[in-house]
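Peer 1: Sharing a structure, written as C-alpha cells. Questions coming.
Laboratory data are not the source of any read-out in this text; all were calculated from the coordinates shown. Note that the coordinates shown come from a computational prediction; the quantities given were computed from them, not determined experimentally. Backbone-built Cβ (ideal geometry, glycine too); neighbour counts: all protein chains shown.
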Amino acid sequence: MWFELYWFRSLLWGGFIYSLLQFYVSGGAIRLFDHANHRSLHQGEVLTGGGFFLFVPLSIVLLWQQFYLLAAVVFSLSLVGVIDDVKQLSARFRFLVQIAVVTVTLWWLGFSLSAWSVFFAVAFLWWLNLFNFMDGANGLVALHAMVTLSVMAWLSVLPGSVYLLVILIFVALLIYLYFNVLLKRLFMGDSGSLPLAFMIGLVALLGWQSGELSMLQIAVIHAVLITDATLTLAIRYHRKERLSEAHRSHLYQRLIADNRPHALVSSLYAVITLGCCGVAFTMQKYSLNGQFLWFIGVYTLLIGVFFHCRHIGR
C-alpha cells in the first residue's frame, strides 16, 4: 500500500541515490579509504564513507517535510561519522554527541523527565553503539534495517511522512547493497551506521508512542543484534579486555573468520531477525505477561545459540 502511494518518488529517489554512489565510487568526489588491520574482516584498502551519500540527502528530505530538528540530527550524525571515518574521534566526544542527540530527540517526542525517559535514553544510547559495533560485515546492518524498519512501520500506526521516510531508507539501502554486497566496492562507515541506527530507534519510539508496539516487541524484533553485541561486550568485560579496542569477538565476525562468506552470514542474521519479527507480530495477541514469556523464550534461545557457537572462529 505504501509503495503504491510513493512508487514514483521512490523510483526518482533510487535513481538519485544510485547516481550519487556511482559518482563517489568512480572517483568523482574526494574518496575516503580505511586501511584494514589484523582485526578487520576485510583486506587492504577499502572505500568507506558511503553513508554520507545516503543520509545527507535524507536530511534534505527531512527539511522538505519540515522536520527541521530531525534533519539537523541526521546531518550531524552523518557528519560526525564521516569525520570519524577519516580521523578517529575520541570515544568521549562521540558519546557526548550521542547524549545530545538522544536528549534532543526525546524532548522533541514530548518525553518529560521521568524514570521512563531515563530508561529510553539509556536504551537509545546503547542501541546507537551496538548498531555501530555490528557494522563490520557486508550487508549485515543494512539488511537488518530493511527488515526491521519495514516490520515496525507495518505493525505501527504512523504519519504518512514517516512511512515515506521508511520507504526512502529501504530504497537507499537496496541501492547501497548493490555496491556493498554485489560489487564489494563501498562500505557505509560511521557516516551511515550512526544515522541509520538513529532512524531505527526513532521509528521504534514512534511505534511505541502509537500504542501498537510494546518495548518487549521492539526488543524481540532487534534481538539478534542485541544478543550478539551485548553478550560479546559482557564477555570482553569479564575477561578484563579494553572495551574500546578493536576486536573480532562478535559471533558474526567469528563466523566470517571461519571462512563463511559475508553475504551468507548477513543473510542468516536477516532471516533470523525476520523470524523474530514474526514472533513480535504474534506477541500482539498477548497480555504483557504473555509477551514477557515470549521475550524470555526468544532471548533464551538466542543466548543458547551464541554460547553453543562460542568456539567458532577462535
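Peer 1: On the principal axes of its Cα set, how long, how wide and how thick is region 169-300? Give whole Å, largest value first.
Peer 2: 45, 41, 25
Peer 1: Could you list the trypsin sites (Lys or Arg not before Pro) in region 235-278 that lie in coil according to DSSP, counting only those with at most 12 other Cβ atoms within 10 Å of their Cβ? Could the numbers behind the result be given before it?
Peer 2: Details: sites: Arg236, Arg239, Lys240, Arg242, Arg248, Arg254; in loops: Arg239, Lys240, Arg242, Arg248.
Answer in residue order: Arg239, Lys240, Arg242.
Peer 1: With θ set to phi - 60°, apply the Karplus curve 6.51 cos²θ - 1.76 cosθ + 1.60 along region 84-92 and write out the HN-Hα couplings as whole Hz, x wherever there is a Gly or Pro.
Peer 2: 5, 5, 8, 10, 4, 7, 5, 4, 5
Peer 1: One quarter of the convex hull surface, Cα atoms only: what value does that give for region 99-165 in nm²?
Peer 2: Numbers: hull surface 22.1 nm².
Its Cα hull, projected and averaged over all orientations, spans 5.5 nm².
Peer 1: Let me ask something else. How far, in nm, would the chain grow between Ser210 and Arg242 when pulled straight, counting 0.36 nm per residue and subtracting the alpha carbon separation?
Peer 2: Working: separation 32, 0.36 × 32 = 11.52 nm, distance 4.00 nm.
Once the chain is fully extended between Ser210 and Arg242, it gains 7.5 nm.
Peer 1: Let me ask something else. Over the chain, consider all pairs of different Cα atoms and compute the Kirkwood hydrodynamic radius from their mean reciprocal separation; express it in Å, one decimal.
Peer 2: On the way: mean 1/r = 0.0500 Å⁻¹.
Answer for the chain: a Kirkwood hydrodynamic radius of 20.0 Å.
Peer 1: A further question follows. Taking 0.36 nm per residue of separation and subtracting the Cα-Cα distance, what length does fully extending Tyr68 through Ala91 add? If you can, show how the numbers build up before the last one.
Peer 2: Details: separation 23, 0.36 × 23 = 8.28 nm, distance 2.73 nm.
Fully extending the segment from Tyr68 to Ala91 adds 5.6 nm.
Peer 1: If exposed GluC sites (Glu not before Pro) are those in a DSSP loop with at most 15 other Cβ within 10 Å, what is the longest stretch of the chain that has none?
Peer 2: Working: sites that count: Glu241, Glu245.
By the stated rule (loop sites, at most 15 other Cβ atoms within 10 Å), 1-240.
Peer 1: Counting alpha carbon pairs within less than 8 Å and at least 6 residues apart, what relative contact order, in whole percent, applies to the chain?
Peer 2: Values: 375 pairs, mean separation 73.0, N = 314.
Averaging sequence separation for qualifying contacts and normalising by length gives 23 percent for the chain.
Peer 1: Let me ask something else. Could I have the simple spin-label model distance between Phe292 and Ile312, label points 7 Å from Cα toward Cβ, reported in nm to one decimal?
Peer 2: In this crude spin-label approximation the distance works out to 3.2 nm.
Peer 1: Next question. If you wrap region 52-107's Cα atoms in a convex hull and average its projection over all directions, what's the area in nm²? Please report the intermediate quantities before stating the final value.
Peer 2: Values: hull surface 15.3 nm².
With the hull built on Cα positions only, its mean projection is 3.8 nm².
Peer 1: Just subtract the alpha-carbon distance of Asp258 and Trp108 from 0.36 nm times their residue separation and send over the number in nm, one decimal. Could you put the intermediate results ahead of the total?
Peer 2: Details: separation 150, 0.36 × 150 = 54.00 nm, distance 4.47 nm.
Residue separation times 0.36 nm, minus the Cα-Cα distance, leaves 49.5 nm.
Peer 1: Separation between the Glu45 and Trp154 pseudo-spin-labels, each 7 Å from Cα along Cα→Cβ, expressed in nm?
Peer 2: 4.3 nm
Peer 1: A further question on this structure: Taking just the C-alpha trace of region 125-229, give me its Rg and Dmax in Å.
Peer 2: Every Cα atom of region 125-229 included, Rg and Dmax give 13.4, 41 Å.
Peer 1: Here is a further query. Under a crude label model (7 Å from the Cα following the beta-carbon direction), how far is Arg9 from Phe281 in nanometres?
Peer 2: 2.5 nm
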